[in-house]
Amino acid sequence: MKLSAIAARLGARLDGADAEISGVAGIEAAKPGQLTFVSNPKYASAAKTTQAAAVIVAEDFPALAKPTLRTKNPYLAFAKAIELFYTPPEYAPGVHPTAVVDATAKIGKHAHIGPYAVVEAHAEIGEGATLLAHVVIYQRARIGKNFFAHAHAVVREQCEIGDNVILQNGVIIGADGFGFAKDDSGKWHKIVQSGRVVIASNVEVQANACIDRASVGETRIAAGAKVDNLVQVGHGSSVGENTLLCAQVGLAGSTEVGNNVVLAGQVGVAGHCKIGDGVVATAQSGIPNDVEAGKVVSGYPAIDNRQWLRAVAIFNRLPELAKQWRGNKSGKKDGE
């Protein structure tokens, strides 16, 4: 594909000669004929040495000896460039002979129901759905258009899913929440999880993540949210629009997470906490209390990121400071 054609498709400005592009690659692995990008200043110097035929850069990036595609958002432009060269697998409409679809289920037009998939009684799935091998849709689940469920994904009873939702391998939507009450003899009595999970449109849930149903009421994931691998969303929680829950995030029951929040890897949030819009929690933060909108927090218990950075710097100096303190206490100077 010509670089000029790629520029037109991406809405980017071509600086330099046109060229034939055979594919895309990261800046350090790119070979002649390929297109790469720079969005992180860490890799700015690599733009001068990369073997790529052309580089996607920001509009104000310094001039390079090779052709560039200039755009406001190089990372997004590169993501769209990948789509130009990648051909995903195609799944023809139809129901595989080994699939089990209850006679009362409603399946929209052009659906692909793969091997050993199961669609139970009174479930409803919109047109354009793809259910790969061993996907299970429980009774009375309602799912919108263009649903894509990879192998072994499960949608439990009465859960509701909007349009254009992707479930990666092993996702469980609507498993029982972790609810138990201790009886008079000290034994745990299971609390029936009678609620459901509601997922809005344009959500993706990645491999082996679990979004639990509530004992009563709903667990909700709002439009555009993205849930990474091995994430746990506890019963009765809510996740706002365009929020990112990165790998191994855990939300205890009844957590409220606002819009445009980023919880980085292994962040844990205690139950009944409220996380305001636009909050960023850095990796492995533990959040035991509410967080105001717009805050960046780190550590456990999570505190303002700048304060946490200062605290970490002091922590690293503790052996030196302790040595000085002992020396001062004994009346001796360091080294004596």
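Annotations
- Scope the stretch 40-67; condition within 13 Å of G11 (Cα to Cα) and of a type outside the set (A, V, I, L, M); matching residues: E59
- Apart from one condition, W308 fits all of (1) buried (at least 17 other Cβ atoms within 10 Å of the Cβ); (2) assigned by TED's automatic domain parsing to the domain that holds V155; the exception is (2).
- Test: A29 is of a type in the set (G, A, S) and within 30 Å of I143 (Cβ to Cβ): no
- The residues of the stretch 222-243 that are under 16 Å from G177 (Cα atoms) and in contact (Cβ under 8 Å) with a residue 40 or more places away in the chain, listed by number, are G234, H235, G236.
- Residue within the stretch 208-223 that is farther than 22 Å from A153 by Cα, touching a Pro at 6+ places or on another chain (Cβ under 7 Å) and not hydroxyl-bearing (S, T, Y) present: no
- Spans of strands (runs of 3 or more DSSP E) in the stretch 1-103 with at least 3 residues under 30 Å from the mean Cα position of the chain (by Cα): 34-37, 54-58, 68-71
- Counting only strands (runs of 3 or more DSSP E) that fall entirely inside the stretch 169-245 and contain at least 2 residues that are surrounded by fewer than 17 Cβ atoms within 10 Å (Cβ to Cβ) and within 21 Å of the chain's Cα centre (by Cα), no element qualifies.
- Residues in the stretch 67-80 that are of a type in the set (A, V, I, L, M, F, W, C) and in contact with a helix residue (DSSP H, G or I) (Cβ under 6 Å, 6 or more places away or on another chain): L69, A77.
- Residue count for the stretch 274-302, restricted to those that are hydrophobic (A, V, I, L, M, F, W, C) and surrounded by fewer than 16 Cβ atoms within 10 Å (Cβ to Cβ): 2
- Residue match in the stretch 264-284 (condition: over 20 Å from the mean Cα position of the chain (by Cα) and assigned to a strand (DSSP E or B)): no
- Note on the stretch 46-104: among residues that are among the hydroxyl-bearing types (S, T, Y) and over 15 Å from A7 (Cβ atoms), the one that is surrounded by the most Cβ atoms within 10 Å (Cβ to Cβ) is T50.
The values are calculated or read from the model by the stated rules, or taken from the named source; none is laboratory data. Here the structure is a predicted model, which means the values were calculated and not measured. Neighbour counts are summed over all protein chains in view; Cβ atoms, including those assigned to glycine, are modelled from backbone coordinates with ideal geometry.
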